Amino acid sequence: MDKLHRIKGAWPYLIAVFLNAFVDLGHKIVIQNTVFKVYDGSTQVVLTALVNGMMLLPFILLFSPSGHVADRFAKVKVLRLGGWAAVGITLGITLAYYAGLFELAFAMTLLLAVQATFYSPAKYGYIKALFGKQRLAEGNGLVQANSIIAILAGTVVFTAFFQLHLGEGQATPHAILQDIAPLGWLLVLCAAWPRWRCSIACRSSKSPGRRFPSTGTPICACVAPGAIWR
């Protein structure tokens, strides 16, 4: 497994996977910490369960449609549309932060989850193209480990930045969101950076050597759409 990262295209793919799991957890941490700061008792329990449910429910309810979309349409198109959708969603979340619209920011957690639900099948479909059939299990393990690290990193980083930006004596969720609003740009940056980086990869992939060894597919055809791989 130690040689998997040397495969051409592996690092852009893994970075995209990392950043987008990072984005999902980042927004969730912001919402949950806001709930913890403002509410207590049964209200806190209900809102915490609700935000967790909003992250998981689309994966349960939409697993069949998302798999059908990944099989029916070209995965490249699914990934491209999903990538742009994630950039748009994070921009909307950032605007909600600055406007102090807690209810809107809370609801957009569901949109992130829906986007992730349709993105996941297409994302995992590229593991075989990238690492080859013989190393499929190794590649899958590497992607899973990378995602877990991203989840842990997102929890630590966004919790720390949340506390750093939080003002003194804020008692409403609207005021808290306005205090930590700059964190929204971190979400946007993490969502948009792979698309910018992959545009560079596409321009440099015109050489014959920049192709998957297992399929001959140009690396940028797989990586460029993967702005928000999960």
- Residue hits (the stretch 30-50; surrounded by fewer than 20 Cβ atoms within 10 Å (Cβ to Cβ) and among the β-branched types (Val, Ile, Thr)) are VAL38, THR43, VAL45, VAL46, THR48
- Item | Considering residues of the stretch 140-150 that are surrounded by fewer than 16 Cβ atoms within 10 Å (Cβ to Cβ) and of a type outside the set (S, T, N, Q) only, the residue farthest from the chain's Cα centre (by Cα) | GLY141
- Query: Which numbered condition trips up MET55, out of (1) out of contact with any Asp or Glu (no Cβ under 8 Å at 6 or more places or on another chain); (2) modelled with pLDDT of 85 or more?
  - Reply: (1)
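Quick check on LYS133: is it over 30 Å from ILE180 (Cα atoms) and crowded, with 19+ Cβ neighbours inside 10 Å?
Numbers: over 30 Å from ILE180 (Cα atoms): yes; crowded, with 19+ Cβ neighbours inside 10 Å: no.
Against the criterion (over 30 Å from ILE180 (Cα atoms) and crowded, with 19+ Cβ neighbours inside 10 Å), LYS133 does not qualify.
Of the residues VAL69, VAL51, VAL23, only one is in contact (Cβ under 8 Å) with a residue 60 or more places away in the chain, in contact with a helix residue (DSSP H, G or I) (Cβ under 8 Å, 6 or more places away or on another chain) and not aromatic (Phe, Trp, Tyr); which?
Numbers: VAL69 fails: in contact (Cβ under 8 Å) with a residue 60 or more places away in the chain; VAL51 fails: in contact (Cβ under 8 Å) with a residue 60 or more places away in the chain.
Matching residue, one of VAL69, VAL51, VAL23: VAL23.
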- Note on the structure: The number of residues in the stretch 1-48 that are under 21 Å from the mean Cα position of the chain (by Cα) and either among the aliphatic types (A, V, I, L, M) or in a helix (DSSP H, G or I) (or both) is 27
- Query: Out of all the residues in the stretch 73-92, which are under 11 Å from the mean Cα position of the chain (by Cα), within 22 Å of LEU104 (Cβ to Cβ) and of a type outside the set (A, V, I, L, M, F, W, C)?
  - Reply: GLY82, THR90
- Query: Given the structure, is LEU91 more than 19 Å from LEU56 (Cα to Cα) and assigned to a helix (DSSP H, G or I)?
  - Reply: yes
- Under 9 Å by Cβ, and 6 or more places apart or on different chains, what pairs join a residue from the stretch 81-96 that is in contact (Cβ under 8 Å) with a residue 24 or more places away in the chain and under 12 Å from ASN20 (Cβ atoms) with one that is aromatic (Phe, Trp, Tyr) and crowded, with 17+ Cβ neighbours inside 10 Å? GLY82/PHE118; GLY82/TYR119; GLY82/TRP229; GLY83/TYR119; GLY83/TRP229; ALA85/PHE118; ALA85/TYR119; ALA86/TYR119
- Message: Taking the conditions exactly as written (within 16 Å of the chain's Cα centre (by Cα) and either buried (at least 16 other Cβ atoms within 10 Å of the Cβ) or at negative phi (or both)), does ALA99 satisfy them or not?
- Response: no
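This table checks each residue for (1) part of a helix (DSSP H, G or I); (2) modelled with pLDDT under 90; (3) hydroxyl-bearing (Ser, Thr, Tyr); (4) out of contact with any Phe, Trp or Tyr (no Cβ under 7 Å at 6 or more places or on another chain).
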{"residue": "LEU112", "(1), (2), (3), (4)": "yes, no, no, yes"}
{"residue": "ILE127", "(1), (2), (3), (4)": "yes, yes, no, yes"}
{"residue": "HIS174", "(1), (2), (3), (4)": "yes, no, no, no"}
{"residue": "PRO194", "(1), (2), (3), (4)": "yes, yes, no, yes"}
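The values are calculated or read from the model by the stated rules, or taken from the named source; none is laboratory data. Here the structure is a predicted model, which is why all the values come from computation and not from measurement. When we count neighbours, we look across all protein chains shown, and the Cβ atoms used for this are built from the backbone with ideal geometry, even at glycine.
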